[in-house]
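Engineer: I'd like to ask you about the structure that follows.
What follows draws every value from the coordinates through simple rules; no lab data is involved. Computed from a predicted model, the values in this text were never measured in an experiment. Every residue, glycine as well, gets a Cβ built from its backbone with ideal geometry; the counts of neighbours run over all protein chains shown.
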Amino acid sequence: MSNLKKILINKNICKSVWFMRQAGRYLPEFRKIRSQNQDFIKLCLNSELSSEITLQPIKRFDLDSAIIFSDILMVPHATGQKVKFIKDKGPILEKFDKKKFFDNNKISFTKKLEPVYLSIGKTRKKLDKKKSLIAFIGAPWTLLIYMYGVKLDKNNVNLEKINSKKSDIDQIIDKLHEYLCVHIDNQIKAGADVIQIFDSWAGLIPEKDLVNYCINPNLRLVDFCKENNIPVVCFPKGIGKNYKKFNDIVKPHGINLDYTIDPSWAKQNLKNVVIQGGLDPKILLSNESQIIKNTEKYLNIFNDTPYVFNLGHGLLPETDPDKVEKLINFYRKY
């Protein structure tokens, strides 16, 4: 059993470190591959390159876990919705077609994502058995934001459009749950041993809708993972002090803090869960003393708590890999 899996299942105080987006644009070895592969979806579906990218930060930093190089939007891609990644704009999805979405089946869905599962298998064979291989999914609400194209900016969504199609939305969330369970199952069978659920846009949900759009869909996915003995970490980014309500109801094995959450508050209020992350990735753009000072804060607070050192979001593209290395070395000497 790998280190991260042990921590999540047994809630012991054995320490572990990995970073969200650790395989990505801040690494020169990744940028070299990316420059030769302009289509991001095709890159994710190239099992050889995807596996190589996944292992790049492990080779460079010897992190405790690898997270498979893929994307949450592989799910809408596999249900027939075209996805493009535009430089400096991010992902753009074609107009959602309800009939096309519901006409899919689990066999064709799995076939389209077969290269992802092959990549997991290749990576698991090359990865030290003591290290976890993390797979992931996007939560239904976050996928819906992209599929429906309702994000207006970083802080707002078109709630009128969502509210006007509420019956459709509920059906789509139910169907997404089915596909996400298939995707979880396939990734675990391929060789992953931990699942992380990214609800990246949970913070855009109005308070009155939080249970319906965030808590309940995450709960169903966590229950599926528990029924199948799969360690699961949730990341309901941006929900503030509703982290407590989320944790009390959903009860995941692990919960990732975003960088707005006070770690002292988290320690006092998030019970019976392994806490992960929290450090603002922007801190890694500052000088070494600031990096150490902020890191020490988290390590001191969670010193006697089951805690996985990570960030409150993914590593930023402009991050200097040398600073990442210094941070890891400090953590390990701490």
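Engineer: Of all DSSP beta bridges in the chain, what percent run antiparallel (nearest 5)? Could the numbers behind the result be given before it?
Structural biologist: Numbers: 6 of 29 bridges.
Around 20 percent of the beta bridges assigned by DSSP in the chain are antiparallel ones.
Engineer: So, in nm, how far is label Leu316 from label Lys111 when the simple model puts each one 7 Å beyond its Cα toward the Cβ?
Structural biologist: 4.4
Engineer: Let me ask something additional. Just to be sure I understand the rule: take each whole DSSP H helix in the chain, project its Cα atoms onto its long axis, keep it if the span is 27 Å or more and its mean Kyte-Doolittle hydropathy is at least -1.0. Which ones pass? Write out the running numbers ahead of the final one.
Structural biologist: Details: long enough: 166-190 (35 Å, -0.38).
Helices passing the filter in the chain: 166-190.
Engineer: By its C-alpha gyration tensor, with a ≥ b ≥ c as the square roots of the eigenvalues, how is segment 1-83 shaped: rounded for a/c under 1.5, else prolate for a/b larger than b/c, else oblate?
Structural biologist: oblate
Engineer: Taking neighbour counts of Cβ atoms within 10 Å as a proxy for exposure, in what order, fewest first, do His177, His183 appear?
Structural biologist: Details: His177 17, His183 26.
By the 10 Å Cβ count, ascending: His177, His183.
Engineer: So, by mean Cβ neighbours within 10 angstrom, what's the order for 125-132, 285-292 with the highest one leading?
Structural biologist: Working: 125-132: 15.1, 285-292: 13.0.
Output ranking for 125-132, 285-292: 125-132, 285-292.
Engineer: Of Lys32/Lys122; Lys89/Lys251; Lys15/Lys112; Lys244/Lys297; Lys237/Lys333, which ones are farther than 32 Å apart at the Cα? Present the calculation step by step, with values, prior to reporting the outcome.
Structural biologist: Values: Lys32/Lys122 21 Å; Lys89/Lys251 35 Å; Lys15/Lys112 37 Å; Lys244/Lys297 21 Å; Lys237/Lys333 30 Å.
Checking Cα-Cα distances, Lys89/Lys251; Lys15/Lys112 exceed 32 Å.
Engineer: Can you tell me how segment 150-204 classifies by the Cα gyration tensor, rounded, prolate or oblate, using a/c under 1.5 as the rounded cut?
Structural biologist: Details: a/c = 4.58, a/b = 1.78, b/c = 2.58.
Oblate.
Engineer: If you don't mind, there's one more thing I want to ask. Which of the peptides 96-108, 253-265 is most tightly packed, and how do the rest follow, judged by the mean count of other Cβ atoms within 10 Å per residue?
Structural biologist: Working: 96-108: 12.8, 253-265: 19.8.
Top to bottom by mean Cβ count within 10 Å: 253-265, 96-108.
Engineer: Fewest Cβ neighbours within 10 Å first, please rank Ile205, Ile184 accordingly. Present the calculation step by step, with values, prior to reporting the outcome.
Structural biologist: Details: Ile205 25, Ile184 22.
Fewest-to-most Cβ neighbours within 10 Å comes out as Ile184, Ile205.
Engineer: Let me ask another. Taking only the alpha-carbon positions of segment 69-115 and ignoring solvent, what does the Debye formula give for the base-10 log of I(q)/I(0) at q = 0.15 Å⁻¹?
Structural biologist: Per q value, in the given order, log10 I(q)/I(0) is -0.41.
Engineer: Mark the label point 7 Å from the Cα of Glu178 along Cα→Cβ and return the residues of segment 78-96 whose backbone N is within less than 18 Å of it.
Structural biologist: Hits in segment 78-96 for Glu178 at 18 Å: 78-81.
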